[in-house]
1. Listing GLU246, GLU59, GLU298 from the residue with the fewest other Cβ atoms within 10 Å to the one with the most, what is the order?
2. Efficiency by 1/(1 + (r/R0)^6): what FRET value for PHE173 and ILE146, r their Cβ-Cβ distance, R0 = 35 Å, to the nearest 0.05?
3. Under a cut-off of 14 Å between alpha-carbon atoms, report the aspartates and glutamates in cross-link reach of LYS259, not counting same-chain residues fewer than 8 places apart.
4. Rank VAL327, PHE70, VAL346 by how far each Cα sits towards the positive end of the charge dipole of the chain (+1 on Lys, Arg Cβ; -1 on Asp, Glu Cβ) and give me just the farthest.
5. Quick one: HIS220, HIS270, HIS92, fewest Cβ neighbours within 10 Å first, how do they rank?
6. What is the spin-label model distance, in nm, from TYR344 to GLU59 if the labels are put 7 Å beyond Cα along the C-beta direction?
7. Mind checking which lysines have their Cα closer than 28 Å to the Cα of LYS345? Skip sequence neighbours fewer than 8 apart in that chain.
8. Expressed in nm to one decimal, what extension gain is obtained for the pair ARG46 and TRP268 from 0.36 nm per residue of sequence separation less their Cα-Cα distance?
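Any read-out appearing in this document is the output of simple, stated calculations on the displayed coordinates, not a laboratory observation. Please read all numbers here as calculations on a predicted model, not as lab measurements. Glycine gets a Cβ as well: all are built from the backbone with ideal geometry, and neighbour counts include every protein chain shown.
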Amino acid sequence: MALIEDNGKGRARASLPPWIQTAFLTIGSIAMTMLGLLFVTFIIGRVMPIDPVLAIVGERASQSTYDAVFLELGLDKPLIVQFAYYIWDVLHLDFGTSLLNARPVAEDIARVFPATLELATLGIFFGIVFGVPLGVVAAARKGSWIDQLARVLALVGYSMPIFWLGLMGLLIFYGILGWVGGPGRVGIFYVDVVPSVTGLILVDAALDGNWDVFKDAFSHIILPASLLGYYSLAYISRMTRSFMLEQLSAEYITTARVKGMSEWDVIWKHAFRNIRVQLITVIALSYATLLEGSVLTEIIFSWPGIGSYITTALLSADMNAVLGGTVVVGLIFILLNIFSDLLYKVFDPRAK
C-alpha cells in the first residue's frame, strides 16, 4: 500500500511539465538569494557605528525631535519587525531618502545607473571582440609570438593598477595628444542639450539626431571604456586560451585532424564550440563586475555612475544610499547568473 502511495506521489510530481518545475526552482532560488542579500544589507545597516536618527536630524536637534524621528523610522520595534518593514520597502523600490540631497535613493540610482550601464556595456564589448579571438589564436599557436603577446597583455592587465592606467591615459591621450575628451560624460557646452529618454547619452543623442553631442559623448567614453575593456580582455583572453588548450589536447581533435579536416574547422567548429558554455560564465561574471561600478575608473574620469555614487555616499555616511546601491548591485549579479543559465540551454543541448 505504501508503495502504491509513493508511486502515486511520484506520478503527481512527474505530471508537472519540466518547464514549470524549472520555473518554480528558479523563482525559489532567486527569492532565497534576494532574502539573504537583504538580510546581509539590513544587518550592515544596523551594526554600522552611525546613528541614522542623528544623520537625519543633526547633532543639535532637541530630544523631542530625536524621539519623533526615532519612532517614525520604526527603530523602537523588534529587529524582526524592522527587517519585515525593510523587505516590504525594498519590494516597493523604496530605499529611503538620501541624506546628501534629500531625494529618494531609488530616483538617484535610476539617474546614475544608465551611466554605468553604458560604460560597462561598451567595455565588455571591447573585451569580447578582442579577448575571445586573441585567446583562441594564442591557444591554436601555442608558443608562438602571438601566444607570448597574449600572455603579456593578460599579465599587464592583471598587474597594472587601473587607476594608474586611467591617469596615464588622461595625461597622454587627453592632456598631450588631445585625441579624446576629458573627464565627465560630455563637455560642459553639451550638458542637458539632448533630452534624456534612456539615460544612455549615446543613444539619446542618436535618437535626437544631435550628432555633435554624440561625437562629444563618444570622445569622453572611449578612453574609460577602453580601459575597462582592456581589463576584461585580460581576463577573457586568458580564460579562453586555457579552455581552448584543454579542448585542443582532446582525442576528438586529433581524430578530426587525422580525417583531414581543415585547421579552421577544427578550431572554430569543434574546439571553440565546446567552450562556449564556459565562456558564457566568464563573460557574465566580467560584465557583472563592470556593472557593479568600476569605482576607481568612475572616480578618475568623474563618471557619474553607481560606483562613484556608492563611494560618495559611503564617505558621507549616507547609509540609505549605500544599502540601496548594494541591493541593486546584488540584483545585477543574480539576474546575470539567471541569464547565463538560460544561455546554457541554448548553446548546450545537454542542459535542456
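1. GLU59, GLU246, GLU298
2. That pair, PHE173 with ILE146, gives E of 0.85.
3. Partners found: GLU251.
4. VAL346
5. Ranked by crowding around the Cβ, least crowded first: HIS92, HIS270, HIS220.
6. Once both label points are built, they end up 5.3 nm from each other.
7. LYS269
8. Difference between extended and current length: 74.6 nm.
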